[in-house]
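The values are calculated or read from the model by the stated rules, or taken from the named source; none is laboratory data. This one's a predicted model, so the numbers in the text were calculated from it and none came from an experiment. FYI the Cβ positions are ideal-geometry reconstructions off the backbone, even for glycines, and counts take in every protein chain you see.
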Amino acid sequence: MKMLSRILIAASALAMTTAMPALAKTFVYCSEASPEGFDPAPYTAGGTFDASAHPIYNRLVEFKKGTTEVEPALAESWEVSPDGLEYTFKLRQGVKFHSNEKFTPSRDFNADDVIFSYQRQASADHPWNQYIAGITYEYYNSMEMPSLIKDIVKVDDYTVKFVLTRPEAPFLANIAMPFASIVSAEYADMLDKAGTKEDLNNAPIGTGPFKFVAYQKDAVIRYAKNADYWGPAPKIDDLVFAITPDAAVRLQKLKAGECQLMPYPAPADIAAIKEDPNLKMDEQAGLNVGYLAYNTTQAPFDNPKVRKALNMALNKQAIIDAVFQGAGQVAKNPIPPTMWSYNDAIADDVYDPVAAKAALEAEGVKDLSMKIWAMPVQRPYMPNAKRAAELMQEDFAKVGVKVEIVSYEWGEYLDKSMEPGRDGAVILGWTGDNGDPDNFMGVLLSCASAQPGGANRAFWCNQEFSDILSKAKQTSDVAERTKLYEQAQVIFKDQAPWATLDHSTQYVPMAKNVTGFVMSPLGDFTFDTVDVTE
Amino acid sequence: MIRFILSKLLYLVPTFLGITLIAFSFVRILPGDPVLLMAGERGISPERHAELSAQLGFDRPLWVQYFDFLGRLFHGDLGNSLVTKKPVMAEFLTLFPATVELGLVAILIATLIGVPVGVLAAIKRGSWFDQVSMTAALVGFSMPIFWWGLLLIIFFSGILGWTPVSGRISLVYFFPDVTGFMLIDSLISGQKGAFGSALSHLILPSVVLATIPLAVIARQTRSAMLEVMGEDYVRTARAKGMPPSRVIGVHALRNAMIPVITTIGLQIGVLMAGAILTETIFSWPGIGKWMIDSISRRDYPVVQSGLLLIAGLVMLVNLLVDLTYGLINPRIRHK
């Protein structure tokens, strides 16, 4: 043991005394997952976007830091035609693409890059559509871009017109999403000639605040400040992602000073982090919702009064306390309170087992037994579905409803929970993509989403509710949309296709000397405004 | 000797084919569909699902997919990852050196400590050393790796600050991969302190990974030694008045080594299993973590080809072990 400790001391002393050559200002982020690649278009994971879309690229429009409001980015301004079918973007001039060992841009960003970035996803015949065999553009597809965008026209070098097939209010928010990042058409041409098309994904060139330097698979990603950035210059010189999948290890690294900021702390560590004098923590309500979706096509769950009665039997605060250890809040609406159009006037079902039992009996429901599906994975909106299901089981037992808890492997769970004949109520949730209320209610509760392949796991189709959503989607007037969505939430509460469970709180622990980090309601991690003080 | 090697190689062919079948079926037996997992909570329309399945070739009958896999395999094509879209072989080669480096150091630790401890415990059978070391071995063998790794990190990196928490080298060093072995590359880079940093990053993960093999090797060495020391020829050697060090070192140890080498060879498989957890805790960019990630995403090509490569490797090591018997004991190779 003595020998071992001597070796340990010698090795670590060696490492410490000789390390730390003079350094530019470096910021290390202990990221959670390896990026799937560096072209944001074909991928769907948040960790991939944090490593690609946010540091390296820009979009025509982007979300204003810390909000879900859309602001100009590579497009300086835009005009929408009165019928809502044409969006004309004026592009920013003088924006430089990055350069690397093999590529130096000969021209600034222009309309050709915009058209290239969209067309390669839109058209299966585009020479870059399959630049890597088997590639697919899932976000482009799932945001319904193929049926929405009729044409993209280059008016001149700095003006691009999008022609839509129907008015679509969330369009701007949709194209602020990572999949719509603008890549360099000139770089693509060069790669094509060199026969190394896959470098679009491996050695990315963008216009963003940081240039890609190197990626060691599953270990480290390095970026350098883009000195020519069109926006406010980043305050750090080097950005490093140290990929660390385990939350407990991330925290140890943060404490040891091996990184300055980490995502997703374990709920059990929150209290200790708050007390650590060397750390600080930002927190914010997450843009998410956890819910229990009844199968509204089956008796007795096809009766809204039965669903409401069951909702009254749930002690949701107890779930927040036990499952989230306080790091969350009870949900009463299907959208989170940080989202515009959240209807705070709605009153939640009051927890009252006695009244619930009476209401069930009044509907002739006796000796009911049901299944509750508990997800096998952790999600920000539901860190421990099994525990939540057990608490619901106890609550329902108090009103005479017997509950059997079932679970499946995650892929199977997602699949089977969408089978129309599904037996039981499903625990699931949603994290917003772009801050638009339609991205919650439209995706999860509309009649269209109750069709196979949709995400409406209550199979709830209320025509009045769906009509309101469609109307709201076609109006670009935010005040009017707000009113419509508020109305929709009233119908939702009255019909109770779900028991709305929770909105979780997101935490970001960081070293005390980190300044300028802004939490994103969408859960993105961006570092262009971050600084470290000595 | 050549015939001996050839006969051993011949056995590998059916084994290898069997493994291709197991590797291919294993991921497909697991419930969960890669296309559905890609879509997540959002869901995917049946049309789009069919389109993607067709594009990925999952709509074909299983046996067609299997023979396609085999056919490509013989052309050296292991397929592309569904997630990163990159060739499986390229990913394997990038990550493999990290696992080998960790595994070699771990097996070195396990052998260099395990064998002497086992021998000593056997010689001093029943002594306090025997009892303490064998109890420790039992504890080590039953140690949950994840918990053990975290414990070491918290103690040595968190409280004492002696070792780095995770990774392969301090982030201040940045040099291109030459061999993929950090200890070698850090030396080649010529950057001051890089080697020391790489070494200090290896300590905790290799100790964690070595724990179970160390326990097994120590116990196996002890029992093999005890058995051999009861043999007639050892008693004869003693009776002839041979010095005890020679009796143990030459007569006993050499013969006891046969089962011990078998054990060490078998530990390669154990190491691979241990690497999965160890690499995840220590953020070690090796193939263990790669396999775990791929299994959870049902990345069929990576899992089937990755399993094949790993199994092939274990087979190769076992072949080497067989050949080593031949070296130690000539009777085996002349059989």
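Under 7 Å between Cβ atoms, at least 6 apart or on separate chains: pull out the pairs that start in segment A:243-263 with a residue that is within 7 Å of chain B (Cβ to nearest Cβ) and farther than 12 Å from B:I154 by Cβ and end on any residue that is of a type in the set (S, T, Y) and assigned to a helix (DSSP H, G or I).
A:P245/B:T280; A:D246/B:T280
List the number of the failed condition for B:I248; all other conditions in (1) surrounded by fewer than 18 Cβ atoms within 10 Å (Cβ to Cβ); (2) touching a residue at least 24 places away in the same chain (Cβ under 8 Å) hold.
Unmet condition: (1).
Looking at (1) within 14 Å of chain B (Cβ to nearest Cβ); (2) crowded, with 21+ Cβ neighbours inside 10 Å; (3) outside any loop (DSSP other than H, G, I, E, B); (4) not aromatic (F, W, Y), find the lone condition where A:I320 falls short.
(1)
Listed here are the residues, each with its yes/no results for (1) modelled with pLDDT under 95; (2) part of a helix (DSSP H, G or I).
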position: A:L414; (1), (2): yes, yes
position: A:P420; (1), (2): yes, no
position: A:V426; (1), (2): no, no
position: A:M441; (1), (2): no, yes
position: A:S449; (1), (2): yes, yes
position: A:N456; (1), (2): yes, no
position: A:E464; (1), (2): no, yes
position: A:S470; (1), (2): yes, yes
position: A:K473; (1), (2): yes, yes
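Of these, B:V115, B:V88, B:V100, which one is surrounded by 14 or more Cβ atoms within 10 Å (Cβ to Cβ), farther than 26 Å from B:A311 by Cα and either at the interface with chain A (Cβ under 10 Å from one of its Cβ atoms) or in contact (Cβ under 8 Å) with a residue 40 or more places away in the chain (or both)?
Testing whether each residue is surrounded by 14 or more Cβ atoms within 10 Å (Cβ to Cβ), farther than 26 Å from B:A311 by Cα and either at the interface with chain A (Cβ under 10 Å from one of its Cβ atoms) or in contact (Cβ under 8 Å) with a residue 40 or more places away in the chain (or both) leaves just B:V115.
Quick one: in segment A:106-148, of everything that is touching a Lys or Arg at 6+ places or on another chain (Cβ under 9 Å) and of a type in the set (A, V, I, L, M), which residue is surrounded by the fewest Cβ atoms within 10 Å (Cβ to Cβ)?
A:A133
In segment A:162-207, which residues are closer than 23 Å to A:K90 by Cβ and among the charged types (D, E, K, R)?
The answer is A:E168, A:E186.
Suppose we keep only residues that are more than 20 Å from the chain's Cα centre (by Cα) and of a type in the set (S, T, N, Q) within segment A:402-432. Which one would you say is nearest to B:E41 (Cα to Cα)?
It comes out as A:S417.
Quick one: which residue in B:I248, B:I261, B:I281, B:I268 is of a type outside the set (G, A, S) and within 30 Å of B:L36 (Cα to Cα)?
None of the others qualify; the one that does is B:I281.
Give segment A:249-300 a look and list any residue that's part of a loop (DSSP other than H, G, I, E, B), of a type in the set (F, W, Y) and at pLDDT 95 or above, or say none.
Across segment A:249-300, the qualifying residue is only A:Y294.
Please verify whether A:G435 is farther than 26 Å from A:K386 by Cα, at pLDDT below 95, away from chain B (no Cβ under 14 Å) and under 23 Å from the mean Cα position of the chain (by Cα), treating the condition exactly as stated.
When the stated conditions are applied, A:G435 passes them.
Out of all the residues in segment A:168-201, which are more than 30 Å from A:G432 (Cβ to Cβ), part of a helix (DSSP H, G or I) and within 14 Å of chain B (Cβ to nearest Cβ)?
Result: A:D199, single match.
Name, by its number, the condition in (1) within 14 Å of another protein chain (Cβ to nearest Cβ); (2) buried (at least 17 other Cβ atoms within 10 Å of the Cβ); (3) not small (G, A, S) that does not hold for A:P420.
Result: A:P420 passes all but (2).
Being among the aliphatic types (A, V, I, L, M), surrounded by fewer than 21 Cβ atoms within 10 Å (Cβ to Cβ) and within 21 Å of A:S52 (Cα to Cα), is that true of even one residue in segment A:155-171?
No - not one qualifying residue is present in segment A:155-171.
Kindly indicate the residue of segment A:202-230 that is within 9 Å of another protein chain (Cβ to nearest Cβ) and among the polar types (S, T, N, Q) and also farthest from B:D293 (Cα to Cα) among those meeting that condition.
The qualifying residue farthest from B:D293 (Cα to Cα) is A:N202.
When you look at A:A488, is it more than 23 Å from A:A180 (Cβ to Cβ), not in a loop (DSSP other than H, G, I, E, B) and not acidic (D, E), yes or no?
Considered against the rule, which asks whether it is more than 23 Å from A:A180 (Cβ to Cβ), not in a loop (DSSP other than H, G, I, E, B) and not acidic (D, E), A:A488 comes out as yes.
Filter segment A:134-161 for residues that are away from chain B (no Cβ under 14 Å), in contact with a Ser or Thr (Cβ under 8 Å, 6 or more places away or on another chain) and not β-branched (V, I, T) and give the result.
A:L148, A:K150, A:K161
Residues are listed down the side, and each one gets a yes or a no for (1) buried (at least 20 other Cβ atoms within 10 Å of the Cβ); (2) among the aromatic types (F, W, Y); (3) under 18 Å from the mean Cα position of the chain (by Cα):
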| residue | (1), (2), (3) |
| --- | --- |
| B:K192 | no, no, no |
| B:I203 | yes, no, yes |
| B:L209 | yes, no, yes |
| B:A215 | yes, no, yes |
| B:M225 | yes, no, no |
| B:V228 | yes, no, no |
| B:P244 | no, no, no |
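Yes or no: segment B:71-85 includes at least one residue that is surrounded by fewer than 16 Cβ atoms within 10 Å (Cβ to Cβ) and under 22 Å from the mean Cα position of the chain (by Cα).
Among the residues of segment B:71-85, not one is surrounded by fewer than 16 Cβ atoms within 10 Å (Cβ to Cβ) and under 22 Å from the mean Cα position of the chain (by Cα), which makes the answer no.
May I ask you to say which residue of A:G411, A:G400, A:G453, A:G432 is crowded, with 21+ Cβ neighbours inside 10 Å and free of Cβ contacts under 8 Å to residues at least 60 places away in the same chain?
Exactly one residue qualifies, and that residue is A:G411.
Within the group B:G265, B:G288, which residue is within 14 Å of chain A (Cβ to nearest Cβ) and either surrounded by 16 or more Cβ atoms within 10 Å (Cβ to Cβ) or of a type in the set (D, E, K, R) (or both)?
B:G288
Out of the residues in segment A:438-448 that are crowded, with 23+ Cβ neighbours inside 10 Å and within 11 Å of chain B (Cβ to nearest Cβ), which is nearest to A:A499 (Cα to Cα)?
So the residue we want is A:L444.
Take the conditions crowded, with 22+ Cβ neighbours inside 10 Å and either over 31 Å from the mean Cα position of the chain (by Cα) or within 13 Å of chain B (Cβ to nearest Cβ) (or both) and apply them to A:V377. Does it pass?
Spelling it out, it is not the case that A:V377 is crowded, with 22+ Cβ neighbours inside 10 Å and either over 31 Å from the mean Cα position of the chain (by Cα) or within 13 Å of chain B (Cβ to nearest Cβ) (or both).
Tell me the helices (runs of 4 or more DSSP H) entirely within segment B:1-72 that contain at least 1 residues that are in contact with a Pro (Cβ under 8 Å, 6 or more places away or on another chain).
Those helices (runs of 4 or more DSSP H) span B:46-56.
Per-residue answers, yes or no, for (1) assigned to a helix (DSSP H, G or I); (2) more than 19 Å from B:F92 (Cβ to Cβ):
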{"position": "B:A256", "(1), (2)": "yes, yes"}
{"position": "B:L271", "(1), (2)": "yes, no"}
{"position": "B:L277", "(1), (2)": "yes, yes"}
{"position": "B:I295", "(1), (2)": "yes, no"}
{"position": "B:R298", "(1), (2)": "no, no"}
{"position": "B:V303", "(1), (2)": "yes, no"}
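So if I check each of B:G193, B:G149, B:G158, which one is within 7 Å of another protein chain (Cβ to nearest Cβ) and over 20 Å from A:V220 (Cα atoms)?
After ruling out the rest, the residue left standing is B:G158.
Have a look at A:A224, A:A266 and point out the one that is hydrophobic (A, V, I, L, M, F, W, C) and either free of Cβ contacts under 8 Å to residues at least 12 places away in the same chain or over 30 Å from B:F175 (Cβ atoms) (or both).
Matching residue, one of A:A224, A:A266: A:A266.
Yes or no: A:A233 more than 10 Å from chain B (Cβ to nearest Cβ), part of a loop (DSSP other than H, G, I, E, B), farther than 23 Å from B:L95 by Cα and of a type in the set (G, A, S)?
When the stated conditions are applied, A:A233 passes them.
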